[in-house]
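Please read the structure below before turning to the comments.
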Amino acid sequence: MKIALIGYGKMGKEIEKIALDRGHEIVLKIDISNPEELTVANLRKADVAIEFTTPDSAIANHKLCFEAGIPVVSGTTGWLGHFPKVQEWCKAMNGTFFYASNFSLGVNLFFVLNKKLAELMAPHKEYLVEMKEIHHTQKLDAPSGTAITLAEGIMENIPEKKSWVNHPTAEPSEISITSEREGQVPGTHIIRYDSEVDYLEITHLAKSRKGLAFGAVLAAEFSFGKKGILTMNDLLNL
């Protein structure tokens, strides 16, 4: 399979290693040094694009891939306010869009565990749920897309929780997310249910970017030949 890498930073380079190991070919690499090469003509040389860039450029990149007629796998976060527009473009141009807030297989299993725990805890009002996420200092958005997905999973299963906030809160309808940025931490997410007598806690800790990159390549392989909006739930049959 021929792959275009839109975004060739640390994640792009990790994706390249795994893609080559799995027998794929990288036919286009785009970073801040060559944005003029991101064209429909160049994208058409690829079977699929993998996009890890910035919130400001992501939606334009997605549209360009739809115009080129190739599936796009996107791991950029911080742009989801425009998700309905991207869905509309994808449908109108008969495109393929695979989005995940996190491509790690472990994190996506963690999403399922998070929802189940929230369902079990819903009747027990004495427990206050809160979340902490820790990422490297280059992480542009806070809270992380993964933390937002986790918060949405809690809200789906605990009706009293209506929104999340990125600071401590005592408001019963809100979920507090604390965001910390330090060193080169790939990513840690902690969900705690705290009461006066005890607490329950689940944690996912990424050891490196390799898990994210591997998931992104699997998503690219899965997207080839398909149409529409795809997610990790489709890939993992969750």
task: List the number of the failed condition for GLU88; all other conditions in (1) closer than 19 Å to THR53 by Cα; (2) part of a helix (DSSP H, G or I); (3) in the same structural domain as ILE18 (by TED's automatic domain parsing) hold.
output: (1)
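For (1) of a type outside the set (A, V, I, L, M); (2) touching a strand residue (DSSP E or B) at 6+ places or on another chain (Cβ under 6 Å); (3) over 22 Å from ASP234 (Cα atoms), each residue gets a yes or a no:
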residue	(1), (2), (3)
ARG22	yes, no, no
ILE32	no, no, yes
PRO35	yes, no, yes
ALA41	no, no, yes
ASP56	yes, no, yes
PHE66	yes, no, no
CYS90	yes, yes, no
THR96	yes, no, no
message: Looking at the stretch 210-238, I want the residues that are within 23 Å of LYS63 (Cα to Cα) and modelled with pLDDT of 95 or more and have a partner that is part of a helix (DSSP H, G or I) and among the hydroxyl-bearing types (Ser, Thr, Tyr) with Cβ atoms under 8 Å, at least 6 apart or on another chain. Which pairs are those?
response: LEU230/SER223
- request: Could you list, in sequence order, all residues of the stretch 1-16 that are among the β-branched types (Val, Ile, Thr) and more than 16 Å from the chain's Cα centre (by Cα)?
  value: ILE3
message: I'm told ALA41 meets every condition in (1) more than 21 Å from PHE214 (Cβ to Cβ); (2) touching a Gly at 6+ places or on another chain (Cβ under 6 Å) except one. Can you identify the failing condition by its number?
response: (2)
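For (1) farther than 21 Å from LYS85 by Cα; (2) in contact (Cβ under 8 Å) with a residue 60 or more places away in the chain, each residue gets a yes or a no:
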| site | (1), (2) |
| --- | --- |
| ASN34 | yes, no |
| ASP47 | yes, yes |
| ILE50 | no, yes |
| THR54 | no, yes |
| HIS62 | no, no |
| ALA68 | no, no |
| SER74 | no, no |
- request: Scan the stretch 149-193 for residues that are among the basic types (Lys, Arg), within 16 Å of LEU128 (Cβ to Cβ) and without any contact (Cβ under 8 Å) to a residue 60 or more places away in the chain and jot them down.
  value: LYS161, LYS162
query: For LYS226, all conditions in the list (1) within 26 Å of PHE66 (Cα to Cα); (2) in the same structural domain as PHE110 (by TED's automatic domain parsing); (3) assigned to a loop (DSSP other than H, G, I, E, B) hold save one; what is the number of the exception?
result: (2)
field: Residues located in the stretch 1-19, provided they are touching a strand residue (DSSP E or B) at 6+ places or on another chain (Cβ under 7 Å) and without any contact (Cβ under 8 Å) to a residue 40 or more places away in the chain
entry: TYR8, GLU16
message: Test of understanding: among VAL40, VAL72, which residue is aliphatic (A, V, I, L, M) and farther than 22 Å from LEU20 by Cα?
response: VAL40
task: Quick one: in the stretch 36-57, of everything that is part of a helix (DSSP H, G or I) and more than 23 Å from the chain's Cα centre (by Cα), which residue is surrounded by the most Cβ atoms within 10 Å (Cβ to Cβ)?
output: ASN42
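The values are calculated or read from the model by the stated rules, or taken from the named source; none is laboratory data. Quantities reported herein were computed from a predicted structural model and do not represent experimental measurements. In this analysis, Cβ positions are derived from the backbone assuming ideal geometry, glycine residues included, and neighbour counts consider all displayed protein chains.
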